[in-house]
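K.L.:
Handing you this structure, nothing more for now.
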Amino acid sequence: MGPGLGWLALLMVVPCGLIFTYAFFERGLYGGIDYIWTFENFTRAADPLYLGIFLRSARIALTATAIAILIAYPAAYAITRAPKHWQTALLILVILPFWSNYLIRTYAWIVMLNREGLINGALEGAGVIDEPLPLLYNSFAVVVGLVYNYTPFVVLAIYSSLSRINRETIEASEDLGASTFTTFRRVILPQTVSGVAAGGVFVFVLSIGNFITPDLLGGGRLQMVGNLIYDQFLSARDWPFGAVLSMFLIAIMMVLLFTQAVLAGRASGERTNS
Amino acid sequence: MTPVVQMRNIVKRYGSVTAIDNVSLDVGDNEFFALLGPSGCGKTTLLRTLAGFEAPQGGQVIVGGQDVTRLRPAKRPLNLMFQSYALFPHMSVARNVAYGLEMERLPKPEIDSRVAEVLEAAQLGGFANRRPDQLSGGQRQRVALARALVKRPRVLLLDEPLSALDKKLRQDMQLELKRLQAEMGITFLIVTHDQEEALVMADRIAVLKDGKLAQVGSPGELYEHPASRFVAGFIGEMNFVEGTATAQGVEVPGLGLLRGASTLTGPAVLAVRPERVDLLTATPGDGRNAVTGTVEQVAYHGADMGVHVRLTNGAVMRALLRAGQDAPAIGAPATCAWAAEHSRILPE
Amino acid sequence: MSPRMPAALKLHMVLFYAFLYVPILVLMALSFNRAGLPTVWTGFSLEWYGKLFSADPIIRAARNTLVVALASTALATVIGTALAVGVETRRQSAALDALLFAPMIIPDIVLAIALLSFYTALNMTLGLHSIILSHVVFNIAFVVAVVRTRMRHFDHSILEASADLGASEFTTFRRVLLPAIAPGVIAGALLSFTLSVDEFIIAYFTAGAGQGSTTLPMQIYAMIRFGVTPEINAMATIVMGVSFALVLIAQRADKGVFTR
């Protein structure tokens, strides 16, 4: 165990701690750090300019999360209803793209969405539009990219809680006279809250801190927190401010994960109590 | 009887919970011994302490005259057959059985012949090259047994060995285990929660309750002379009538004096087995204990019939009628009678 | 489960899988298009693959990626397996779980800047070695996760049985524990290899200046920033093919590594 814990301590805990301390110092004149104690980095983060970027990131991440859940839930449900021997294959098909290169998956949407891209080409060919639609380099493209990249995980999370439902509770509900929809709303959905929460938190956390998707599909015109952090370290050379931004990101993430853990704990508590 | 296993004042605590509370127990050479008790009574913990997987906070474990309390499991002259069987899933039946002998660094020819011999004895001759997941539950159970027995331990520990089998197979295996134990001349120490299993197989039984020894004795002793209300109720079926002990028996409000050999005074309980209770229509004139009530329920079992009688003091007494006797009508008045020698008077 | 599935649900499933696979399949198809453009199909050609294999920077990037992935996978597999075994056989601790879980969920940009700051503070020269050190961090987390899942799915009394039959701790590890968890170890190694091959941001931040330690994803990123080119399609097809093959092998090694 020793070497592993040592590795994680040295190359994860210490660097993150370092970033944490940088947040309280002034930036050096030519990049780097001047070791002068200050809180200015935090007040700067509250500037409407940066606050706006945070809010926009949150809005985009939230939209992506909602759409991903709306796509994933029925898909996961359909997989549980498929014949047993198909289910593994269907799940592997869901997860397979998830394990290919993120850059390439994102790039595929540049090909799909650009002015000469497949979608515009198809729509023009069908005579639906005369002018290509501006599909790329805007928040629409970013949301599409995020949904595309993270929906598979949500499907897995929801499938795993759906497949744990005791089939007989559904039959009992039908036997007691509930319609299919009522059974779904009152019996199935409550038992999958923890799966939806796990998947949702995952999409939100990875979306709000994302760098590649806004960079490539937003075309640099649409900044999100991830790009802002990137700029502080690689172009603006303001490490302390970048550190503060990362800390906010981590804080948001921890609050969400904690909420999700509480939700999951309550769900499993209800299951053992009943 | 030379004790091959001696447990002296074993104490095992988990935090504030005492799992084994000062247990001392001897198991004789060549004995079939059962540790019996409800779940959570500490019987499995005691077995694992013997095997060396739990370190007791106090006490000694002596096997064959040698103090093994501080020895690792690998160094102890006893082997454990696990409740889950714990077969190595990636090894064939033969490799599983050979494993323990390879650890003793025996020459290969000897290992091969001993493995073949034990597989034959366990009726597994044709299965040597199968994997555990290609075997039935009963066959897996035999492999686990063979793997432990091939080491020729002084003592074989068995943790609920039959609990995963269905009822019919379980009954066959009870006799099979008893036969094997007699043939091999090894001490068997078995943990079970099933009193019937213990009665069928064991030469002696130790009943545990809440980490303490409740009673140790032969099946007959435990059944006929239970030392406590717990043992009386846990082994077989028993009727209990509460009252106050006197020199003649137990004085029960509403039923009068029920006779039986008594050395107690104060609150006590009279216990009598259902098969000792006769169901009559009138009070007998032979001086037997008799109580009256009405028939409340009749349960047909095939070989016999259980009749529940609600007594005049509100208690329920159960009597067993042999097959062929006429079932009494529900609601009919009835008298339950039994001889004073079948009364067991126990502390409350 | 139930044989009847509403038509709407079936349609959703078809559209969902189309959404997942159409972009990928389009890319793959275009890589064989002579014109290399999405608008017109001008005939089958392997021209773009040929161009790819004759470009020195791409060959060098591929070699760098292989070195990073192999080294970080080897380190992470050994360390991660030991860690998983250690954690699962000892008392559970929430703090330890959080530490082992953290590298998987920390936004990669944060881990990237943290590591860059750390290396800079140590005055370390950056290069392939610093990428390897960094990749081991998240690879450990994935190996630990897969091996721990595997460890929870076998009967731990086989370890006690081995000890009871006279085996030492080392013999038990070698002859009973390792074979029992081997599928998990192999699957974990394949996954960390795949992750390492595909990882971009952390490598980008910790590679240092200069072309010497450019990895394949960094090369791809540069090419995408340059614009849509037919060579990227060809490269994407190869990279995805390799990833898919590795993931399918991992799935075969440890059935349910993704779906439990």
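K.L.:
From the list C:167, C:141, which residue is on the phi < 0 side of the Ramachandran plot, touching a residue at least 40 places away in the same chain (Cβ under 8 Å) and open to solvent by less than 30 Å² (accessible area, probe 1.4 Å)? Can you show your working first?
P.N.:
Numbers: C:167 fails: touching a residue at least 40 places away in the same chain (Cβ under 8 Å).
Result of the check over C:167, C:141: C:141.
K.L.:
Could you list, in sequence order, the residues of region B:65-96 that are more than 11 Å from chain C (Cβ to nearest Cβ) and either assigned to a loop (DSSP other than H, G, I, E, B) or in contact with a strand residue (DSSP E or B) (Cβ under 9 Å, 6 or more places away or on another chain) (or both)? Talk me through it step by step, then tell me what you get.
P.N.:
We begin by selecting, within region B:65-96, every residue more than 11 Å from chain C (Cβ to nearest Cβ); these are B:65-71, B:92-94.
Result: B:65, B:67, B:68, B:69, B:70, B:71, B:92.
K.L.:
Can you tell me which of (1) among the small types (Gly, Ala, Ser); (2) more than 7 Å from every other protein chain (Cβ to nearest Cβ); (3) surrounded by fewer than 24 Cβ atoms within 10 Å (Cβ to Cβ) is the one residue C:157 doesn't meet?
P.N.:
The one condition residue C:157 does not meet is (2).
K.L.:
If residue C:135 passes every condition in (1) open to solvent by 10 Å² or more (accessible area, probe 1.4 Å); (2) closer than 29 Å to residue A:252 by Cβ but one, which one does it miss?
P.N.:
(1)
K.L.:
I need the full set of residues from region C:95-133 which are more than 8 Å from chain A (Cβ to nearest Cβ), more than 23 Å from the chain's Cα centre (by Cα) and among the aromatic types (Phe, Trp, Tyr), in order please.
P.N.:
Within region C:95-133, C:119 is the sole residue that qualifies.
K.L.:
For the list (1) away from chain C (no Cβ under 11 Å); (2) in contact (Cβ under 8 Å) with a residue 60 or more places away in the chain, I need the number of the one condition that residue A:178 fails.
P.N.:
(2)
K.L.:
Tell me which helices (runs of 4 or more DSSP H) are completely within region C:120-223 and hold 2 or more residues being under 30 Å from residue B:143 (Cα atoms), or say none if there are none.
P.N.:
Values: elements: C:128-152, C:157-164, C:169-172, C:178-198, C:201-206.
Answer list for region C:120-223: C:128-152, C:157-164, C:169-172, C:178-198.
K.L.:
Which one of these is of a type outside the set (A, V, I, L, M, F, W, C), more than 18 Å from the chain's Cα centre (by Cα), open to solvent by 10 Å² or more (accessible area, probe 1.4 Å) and more than 8 Å from every other protein chain (Cβ to nearest Cβ): C:172, C:237? Steps first, answer last, please.
P.N.:
On the way: C:237 fails: more than 18 Å from the chain's Cα centre (by Cα).
The conditions single out C:172.
So that you can scan it fast, the table gives a plain yes or no per residue for (1) more than 11 Å from every other protein chain (Cβ to nearest Cβ); (2) at pLDDT below 85:
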{"residue": "A:27", "(1), (2)": "yes, yes"}
{"residue": "A:33", "(1), (2)": "no, yes"}
{"residue": "A:40", "(1), (2)": "yes, yes"}
{"residue": "A:45", "(1), (2)": "yes, yes"}
{"residue": "A:48", "(1), (2)": "yes, no"}
{"residue": "A:82", "(1), (2)": "no, no"}
{"residue": "A:107", "(1), (2)": "no, no"}
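K.L.:
Please tell me if residue A:88 is open to solvent by less than 20 Å² (accessible area, probe 1.4 Å), in a helix (DSSP H, G or I) and not small (Gly, Ala, Ser).
P.N.:
Details: open to solvent by less than 20 Å² (accessible area, probe 1.4 Å): no; in a helix (DSSP H, G or I): yes; not small (Gly, Ala, Ser): yes.
Spelling it out, it is not the case that residue A:88 is open to solvent by less than 20 Å² (accessible area, probe 1.4 Å), in a helix (DSSP H, G or I) and not small (Gly, Ala, Ser).
K.L.:
Can I ask one more? Taking interchain pairs and intrachain pairs at least six residues apart, which have beta carbon atoms under 6 angstrom, with the first residue in region B:196-212 and assigned by TED's automatic domain parsing to the domain that holds residue B:12 and the second assigned to a loop (DSSP other than H, G, I, E, B) and polar (S, T, N, Q)?
P.N.:
Sorted first by the residue in region B:196-212, then by its partner, the pairs are B:204/B:218.
K.L.:
Okay, next question. Mind listing just one residue for me: the one in region C:61-94 that is over 20 Å from the mean Cα position of the chain (by Cα) and open to solvent by less than 10 Å² (accessible area, probe 1.4 Å) and, of those, farthest from residue C:149 (Cα to Cα)?
P.N.:
Filtering region C:61-94 down to residues over 20 Å from the mean Cα position of the chain (by Cα) leaves C:85-94.
Cutting the leftovers down to open to solvent by less than 10 Å² (accessible area, probe 1.4 Å) gives us C:86-87.
Working: C:86: 13, C:87: 12 Å.
Among them, the one singled out is C:86.
K.L.:
Follow-up question, since we're still on this one. When you go through A:209, A:195, A:218, A:200 one by one, which is the residue that is at the interface with another protein chain (Cβ under 8 Å from one of its Cβ atoms) and open to solvent by less than 30 Å² (accessible area, probe 1.4 Å)?
P.N.:
Values: A:195 fails: at the interface with another protein chain (Cβ under 8 Å from one of its Cβ atoms); A:218 fails: at the interface with another protein chain (Cβ under 8 Å from one of its Cβ atoms); A:200 fails: at the interface with another protein chain (Cβ under 8 Å from one of its Cβ atoms).
Going through A:209, A:195, A:218, A:200 in turn, just one is at the interface with another protein chain (Cβ under 8 Å from one of its Cβ atoms) and open to solvent by less than 30 Å² (accessible area, probe 1.4 Å): A:209.
K.L.:
Restricting to region B:274-285, what's the tally of residues that are part of a loop (DSSP other than H, G, I, E, B) and either surrounded by fewer than 19 Cβ atoms within 10 Å (Cβ to Cβ) or of a type in the set (Ser, Thr, Tyr) (or both)?
P.N.:
Kept after step one, since they are part of a loop (DSSP other than H, G, I, E, B), are these residues of region B:274-285: B:277, B:281-285.
Narrowing the set further to residues that are either surrounded by fewer than 19 Cβ atoms within 10 Å (Cβ to Cβ) or of a type in the set (Ser, Thr, Tyr) (or both) leaves B:281-285.
Final tally of qualifying residues: 5.
K.L.:
Which residue is modelled with the lowest pLDDT, if the candidates are limited to region A:109-126 and must be more than 9 Å from chain C (Cβ to nearest Cβ) and open to solvent by less than 50 Å² (accessible area, probe 1.4 Å)? Steps first, answer last, please.
P.N.:
The first filter runs over region A:109-126 and keeps only residues more than 9 Å from chain C (Cβ to nearest Cβ), leaving A:113, A:115, A:119-120, A:122-126.
Pick out the ones that are also open to solvent by less than 50 Å² (accessible area, probe 1.4 Å) and you get A:113, A:120.
Numbers: A:113: 88, A:120: 84.
Among those that are more than 9 Å from chain C (Cβ to nearest Cβ) and open to solvent by less than 50 Å² (accessible area, probe 1.4 Å), it is A:120.
K.L.:
Checking the conditions here, which among A:170, A:165, A:252 is touching a Ser or Thr at 6+ places or on another chain (Cβ under 8 Å) and crowded, with 19+ Cβ neighbours inside 10 Å?
P.N.:
Details: A:165 fails: crowded, with 19+ Cβ neighbours inside 10 Å; A:252 fails: touching a Ser or Thr at 6+ places or on another chain (Cβ under 8 Å).
Of the residues listed, the single one that is touching a Ser or Thr at 6+ places or on another chain (Cβ under 8 Å) and crowded, with 19+ Cβ neighbours inside 10 Å is A:170.
K.L.:
Report every pair of residues separated by at least 6 positions or lying on different chains whose Cβ atoms are under 7 Å apart, first residue within region B:79-90 and open to solvent by less than 10 Å² (accessible area, probe 1.4 Å), second basic (Lys, Arg).
P.N.:
Sorted first by the residue in region B:79-90, then by its partner, the pairs are B:79/B:151.
K.L.:
Another question, then. Just a yes or no: is a residue in region B:115-133 closer than 22 Å to residue C:168 by Cβ, at the interface with another protein chain (Cβ under 10 Å from one of its Cβ atoms) and buried (at least 18 other Cβ atoms within 10 Å of the Cβ)?
P.N.:
No - not one qualifying residue is present in region B:115-133.
K.L.:
Oh, and also: Testing residue B:40 on (1) part of a loop (DSSP other than H, G, I, E, B); (2) under 19 Å from residue C:160 (Cα atoms), one condition comes back false. Which one is that?
P.N.:
Tallying (1) part of a loop (DSSP other than H, G, I, E, B); (2) under 19 Å from residue C:160 (Cα atoms), residue B:40 fails exactly one: (2).
K.L.:
Further question: Give me the pairs: first residue in region B:101-113 and open to solvent by 70 Å² or more (accessible area, probe 1.4 Å), second residue among the small types (Gly, Ala, Ser), beta-carbon distance under 7 Å, and six or more apart or on different chains, which are they?
P.N.:
The qualifying pairs are B:104/C:166.
K.L.:
Quick check on region A:69-79: of everything there that is open to solvent by less than 10 Å² (accessible area, probe 1.4 Å) and at the interface with chain C (Cβ under 8 Å from one of its Cβ atoms), which residue is modelled with the highest pLDDT? First the steps, then the outcome.
P.N.:
Within region A:69-79, the subset open to solvent by less than 10 Å² (accessible area, probe 1.4 Å) is A:72, A:75-76, A:78-79.
Those left that are additionally at the interface with chain C (Cβ under 8 Å from one of its Cβ atoms): A:75, A:78-79.
Working: A:75: 95, A:78: 92, A:79: 92.
The residue in question is A:75.
K.L.:
Here are B:309, B:295: which of them is under 12 Å from residue B:239 (Cβ atoms) and open to solvent by less than 60 Å² (accessible area, probe 1.4 Å)? It would help to see each step written out before you state the result.
P.N.:
Details: B:295 fails: under 12 Å from residue B:239 (Cβ atoms).
Within the list B:309, B:295, the selection yields B:309.
K.L.:
Scan region A:232-249 for residues that are surrounded by fewer than 20 Cβ atoms within 10 Å (Cβ to Cβ), under 19 Å from residue A:207 (Cα atoms) and at the interface with another protein chain (Cβ under 10 Å from one of its Cβ atoms) and jot them down.
P.N.:
A:247
K.L.:
Next up: With the requirement that a residue be open to solvent by 60 Å² or more (accessible area, probe 1.4 Å), of a type outside the set (Gly, Ala, Ser) and within 14 Å of another protein chain (Cβ to nearest Cβ), what does region B:134-172 give you?
P.N.:
Correct list: B:140, B:152, B:154.
K.L.:
Right, something else. Do the conditions hold for residue B:53, that is, is it in contact with a Pro (Cβ under 8 Å, 6 or more places away or on another chain), within 25 Å of residue C:154 (Cα to Cα), open to solvent by 10 Å² or more (accessible area, probe 1.4 Å) and free of Cβ contacts under 8 Å to residues at least 60 places away in the same chain? Even if it seems obvious, please write down each step before you answer.
P.N.:
On the way: in contact with a Pro (Cβ under 8 Å, 6 or more places away or on another chain): yes; within 25 Å of residue C:154 (Cα to Cα): yes; open to solvent by 10 Å² or more (accessible area, probe 1.4 Å): yes; free of Cβ contacts under 8 Å to residues at least 60 places away in the same chain: yes.
Taking the combined requirement at face value, the residue satisfies it.
K.L.:
Moving to a separate point now. Where in region B:189-264 are the helices (runs of 4 or more DSSP H), entirely inside, with at least 3 residues that are touching a Phe, Trp or Tyr at 6+ places or on another chain (Cβ under 7 Å), open to solvent by less than 10 Å² (accessible area, probe 1.4 Å) and not β-branched (Val, Ile, Thr)? Don't jump to the end; show me each part of the working.
P.N.:
Details: elements: B:195-201, B:219-224, B:229-234.
Qualifying helices (runs of 4 or more DSSP H): none found.
K.L.:
Just wondering, is there one or more residues in region A:133-149 that are touching a Gly at 6+ places or on another chain (Cβ under 8 Å), within 13 Å of another protein chain (Cβ to nearest Cβ) and in a helix (DSSP H, G or I)?
P.N.:
yes
The values are calculated or read from the model by the stated rules, or taken from the named source; none is laboratory data. Just so it is clear, the structure is predicted and the values come from calculations on it, not from any experiment. So basically every Cβ, Gly included, is an ideal-geometry build from the backbone, and we count neighbours across all protein chains shown. Only protein heavy atoms, including side chains, enter the accessible area calculation; ligands, DNA and RNA are left aside. Shrake-Rupley method; radii C 1.70, N 1.55, O 1.52, S 1.80 Å.
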